[in-house]
Amino acid sequence: FTKMGVLYCVEDPTCSNGIQSLIQQGGGQQAGVTTVYSSSFSITQPDFTSQCLDAKQAGATFIYFAGDGDSLMRMANNCATQGYKPLFVGDSIAITANLASNPNLNGLLAGQTNFPWVDSYTPAQQTYQQAVKQYDPQLAGSGTTAAEWTAGMLAVAAAKSLTSTPTSAQFLQGLWSIKNNNLGGLAPPLSFNQNAPATPSNCYFLMTLQNGQFQDLQNGNAQCV
């Protein structure tokens with residue numbers, strides 16, 4: 001899989017901004033990947049047949065899809081109708097629970113900024129699983145559920161030094177004190193800086209979709225580049 005097609009949504013800047021390092025800054029090339037096709041799309045777009053045919057004609061063996069989960073579903077279905085079944089790659093909260101039911105997305109690679117929600121390797125991940133079992137056993141895990149849980153645990157970590165009369169300044173001090181902390185395996189190493197942006201992290205968790213089930217490919221560990 002060395003010939004990449006890229007599709008990115010126009011509604012959210014994170015869609016287009018997120019692919020800059022992949023294409024304009026040469027990240028794909030450094031990884032041995034050639035971009036043979038790229039196109040923008042709208043999340044309200046009902047059909048992706050034209051993009052499927054163009055990507056197929058260009059010889060793209062996999063599609064990096066920077067958009068929402070429902071649009072990814074539509075594209076996979078439209079491409080399959082045209083006899084085109086590339087490997088799809090998506091990430092973060094675009095990886096929704098309903099993707100698992102689509103056989104046209106079998107083999108999907110899903111990069112995650114937070115822990116794979118199927119994991120229970122660490123005590124922190126086990127706490128998440130126990131909470132789901134106790135409070136919502138029918139919950140279908142996804143990139144969103146992992147992100148929401150991790151955000152909550154980050155707030156807990158930042159709030160550890162709050163007094164009985166908490167203030168926003170105390171909370172910020174607690175946040176800024178977090179350095180190289182992966183929240184027990186829920187996130188890549190996080191570091192916050194006083195009155196400045198957080199330290200960037202080039203780490204991710206990698207999942208795949210196989211036969212209707214999401215699986216972790218890295219045994220609960222984040223991979224950094």
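The values are calculated or read from the model by the stated rules, or taken from the named source; none is laboratory data. Since the model is a prediction, treat every value here as computed from it, not as a measurement. Reconstructed Cβ throughout: ideal geometry from the backbone, glycine too, with neighbour counts over all protein chains shown. Each accessible area value is taken on the protein alone, full model and side chains, heavy atoms only, with ligands, DNA and RNA left out. Shrake-Rupley method; radii C 1.70, N 1.55, O 1.52, S 1.80 Å.
Per residue, how large is the accessible surface of the chain? Use a 1.4 angstrom probe and give square angstrom.
52
What FRET efficiency comes out for Q134 versus E11 if R0 is 41 angstrom and r is the Cβ-Cβ distance? Round to the nearest 0.05.
0.65
Restricting to the chain, what percent of DSSP beta bridges are antiparallel, rounded to 5?
Just about 40 percent of them are antiparallel.
Give the peptides 194-204, 92-102 in descending order of average Cβ contacts within 10 Å, highest first.
92-102, 194-204
Running a GNM on the chain with Cα contacts under 10 Å, which residue among A110, A76, A157 ends up with the highest mean-square fluctuation?
Looking only at A110, A76, A157, the biggest GNM fluctuation is shown by A157.
Choose one answer from G107, G26, G212: the residue with the largest mean-square fluctuation in a GNM of the chain with alpha-carbon springs under 10 Å.
G26
Choose one of S39, Q24, A140: the residue whose Cα lies farthest towards the positive end of the charge dipole of the chain (beta-carbon charges +1 Lys, Arg; -1 Asp, Glu; about the Cα centre).
Q24
Using a 1.4 angstrom probe on the protein heavy atoms only, could you order Y37, Y128 from most to least accessible area? Working shown, then result.
Working: Y37 35, Y128 10 Å².
From most exposed to least exposed: Y37, Y128.
Under a no-solvent Debye model with one identical scatterer per Cα of the chain, what's log10 I(q)/I(0) at q = 0.16 Å⁻¹?
For the requested q values the scattering log ratios are -1.14.
If Rh is defined by the Kirkwood formula over all Cα pairs and Rg also comes from Cα, what ratio Rg/Rh do you get for segment 1-43?
Values: Rg = 10.5 Å, Rh = 10.6 Å.
Ratio of gyration radius to Kirkwood radius: 0.99.
Counting only protein heavy atoms and using a 1.4 Å probe, what share of the accessible area of segment 1-93 belongs to carbon plus sulfur, as a whole percent?
50
Would you tally the net charge around T61, using a Cβ to Cβ cut-off of less than 14 Å, leaving T61 out, and scoring K and R as +1, D and E as -1?
+3
Considering only protein heavy atoms and a 1.4 Å probe, what is the carbon-and-sulfur percentage of the accessible area of segment 110-218?
On the way: 3320 of 6020 Å².
With neighbouring chains kept in place, the figure for segment 110-218 is 55 percent.
Would you be so kind as to identify which of P189, Q173, L154 lies farthest towards the positive end of the dipole of the chain, taking Lys and Arg as +1 and Asp and Glu as -1 on Cβ and the Cα centre as origin?
Farthest towards the positive end: P189.
Just W176, W117, W149 to compare: in a GNM of the chain, with alpha carbon springs under 10 Å, which one fluctuates most?
Looking only at W176, W117, W149, the biggest GNM fluctuation is shown by W176.
Against the longest alpha carbon principal axis of the chain, how many degrees, from 0 to 90 and to the nearest 10, is the axis of helix 143-158 turned?
It is inclined by approximately 20 degrees.
Give a residue-ordered list of calculated ³J(HN,Hα) values for segment 74-90 (Karplus: 6.51 cos²θ - 1.76 cosθ + 1.60, θ = phi - 60°; whole Hz; x for Gly, Pro).
Ordered by residue, 3J(HN,Hα) equals 5, 5, 4, 5, 5, 5, 4, 4, 8, x, 10, 10, x, 6, 9, 10, x Hz.
On the principal axes of its Cα set, how long, how wide and how thick is segment 170-225? Give whole Å, largest value first.
Projected onto the principal axes, the Cα atoms of segment 170-225 cover 47, 23, 15 Å.
For Cα pairs less than 8 Å apart in space and 6+ apart in sequence, what is the mean separation divided by the residue count of the chain, i.e. the relative contact order in percent?
With pairs under 8 Å counted, the relative contact order is 17 percent.
Between S39 and S161, what's the calculated FRET efficiency when r is the beta-carbon distance and R0 is 45 Å? Round to 0.05.
Using R0 = 45 Å, I get an efficiency of 0.40.
Taking the Kirkwood radius as the inverse of the mean 1/r across Cα pairs, report the Rg/Rh of segment 131-200.
Rg/Rh: 1.05.
Within the P(r) computed for segment 97-225, what percentage of the Cα pairs occupies the region above 25 Å?
Of the Cα pairs, 32 percent sit more than 25 Å apart.
What number in nm² do you get for segment 121-160 if you take the convex hull of its Cα atoms and divide its surface by four?
That works out to 3.1 nm², a quarter of the Cα hull's surface.
To the nearest 20 debye, what charge dipole does the chain have about its Cα centre, counting +1 at the Cβ of each Lys and Arg and -1 at the Cβ of each Asp and Glu?
For this selection, approximately 360 debye.
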